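The values are calculated or read from the model by the stated rules, or taken from the named source; none is laboratory data. These numbers come from a predicted model, not from an experiment. When we count neighbours, we look across all protein chains shown, and the Cβ atoms used for this are built from the backbone with ideal geometry, even at glycine. Calculation scope for accessible area: heavy atoms of the full protein, side chains included, ligands and nucleic acids excluded. Shrake-Rupley method; radii C 1.70, N 1.55, O 1.52, S 1.80 Å.
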Amino acid sequence: FYVVKGTVRLTEEPREPDPKAVPFTRTRARIEGVALSKTGFDAVFSREVMIEASCISQWCASPQNLGPSFLAVASNGEGSFTLRAAPCGGDVVPWDEDGEARVLDCYLRGECRRKEGF
């Protein structure tokens, strides 16, 4: 797994999931950004990735709605990277300064704290 701060660009037409047809769809994309290393978000990360968009009942995620910048957990299995997009989040959250600070505090210093109100 890689924790990545970056942006995503679809490299093919998005495949929207259908809750009545398949559990998820796959759309090819490219992530550009930096991955978390032992010293922070400083390892250049530029990789092809497969976005798996899924549904829960009638609510579906879209491979197009990953936001302009995000923090994501990209899994590396069988030689390819995958991001899971689900109606309630998945592997991707919108980037903000507080979120990045909490990830760094937890990973680098062991000081893990929840977001206010959660």
Zone of Ala21's modelled label, taken as backbone nitrogen in the stretch 43-58 under 15 Å from a point 7 Å along Cα→Cβ: 53-55
Candidate residues Cys112, Cys106, Cys88, Cys55: accessible-area rank, largest first, probe 1.4 Å: Cys88, Cys112, Cys106, Cys55
Within the accessible area of the stretch 1-65 (1.4 Å probe), percent carbon and sulfur: 52 percent
Simple label model, 7 Å out from Cα along Cβ direction - Ser69 to Glu111, nm: 2.3 nm
Within the stretch 20-75, trypsin sites (Lys or Arg not before Pro) in DSSP loop having at most 16 other beta-carbon neighbours inside 10 Å: Lys20, Lys38
Residue order for Trp59, Trp95 - accessible surface, 1.4 angstrom probe, largest first: Trp59, Trp95
Global form of the stretch 55-106, assessed from the alpha-carbon gyration tensor, a/c cut-off 1.5: oblate
Gyration tensor verdict on the stretch 26-74 (Cα atoms; rounded if a/c is under 1.5, prolate if a/b is larger than b/c, oblate otherwise): prolate
Per residue value of the accessible surface for the chain (all protein chains in place, 1.4 Å probe), Å²: 63 Å²
P(r), alpha carbons of the stretch 4-45 - 5 Å bins starting at zero, rounded %: 6, 21, 17, 15, 14, 12, 9, 5, 2
Selection of trypsin sites (Lys or Arg not before Pro), the stretch 67-113, meeting DSSP coil and at most 15 other Cβ within 10 Å: Arg113
